[in-house]
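Down below is the structure, laid out as structure tokens.
The numbers here are math on the coordinates, done by the rules we state, and not lab data. The structure displayed is predicted, hence computed values, not measured ones. Methodologically, a virtual Cβ is constructed for each residue, glycine included, from the backbone with ideal geometry; neighbour enumeration extends over all protein chains shown.
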Amino acid sequence: MSRAKKSPQRLVYSTDGGRLCPQCHRSVTECVCANDRPASIGDGVVRLHRETKGRGGKAVTVVKGIPLAGAELKALAKALKQKCGVGGALKDENIEIQGDQREMIKAELEKRGFQVKIAGG
């Protein structure tokens, strides 16, 4: 049996600093490249969910899977809230908009070039 050549191994953990970033090879706490990229891009499809759980029966529209980070995501959340004329919040890379605003948000996001799907009930 012949063994296939392995690619060069890279360090993923160090006892000095813990887990290492795969891009910059620094410890995760000192990583400089993670500040500019979103936590996860996913499959590139923005999904709109309607949720009522834990909100006393009030519906909110949750926008998940937006491939933006930091200030861009915050600016998009503000623009969507203004477009719908309601309040909302930015929680864990998801945008929450008060009320069932899925159709209006879908139209706005498609106008901005995102691929959008309405998910859930």
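Taking a label point 7 Å from the Cα of Ala71 along the Cα→Cβ vector, which residues of the stretch 81-109 have an amide N closer than 19 Å to it?
Answer for the stretch 81-109: 90, 93.
Could you work out the relative contact order of the stretch 45-118, using alpha carbon pairs under 8 angstrom and six or more residues apart, expressed as a whole percent? Mind showing how you got there, number by number?
Numbers: 116 pairs, mean separation 28.0, N = 74.
About 38 percent, as a whole number.
Full extension from Glu103 to Leu90: what is 0.36 nm times the residue separation minus their Cα-Cα distance, to one decimal in nm?
2.7 nm
Counting just the Cα atoms, what span does the stretch 45-118 cover along each of its three principal axes? Round to the nearest Å and put the largest first.
33, 23, 22
Less than 15 Å apart at the alpha-carbon level, and either on another chain or at least 8 residues along: which aspartates and glutamates does that give for Lys81?
Partners found: Glu72, Glu96, Asp100, Glu103, Glu108.
Would you grab the residues whose amide H sits under 5 Å from the one on Leu68? Only those 5+ places off in sequence or on another chain, please, with H modelled 1.01 Å from N.
Amide H neighbours of Leu68, under 5 Å, 5+ apart: none.
Taking amide H positions as placed in the peptide plane 1.01 Å from N, state which residues far from Gly99 in sequence (5 or more) or on other chains have amide H under 5 Å from it.
So Gly99 has HN proximity to Ala59, Val60, Thr61.
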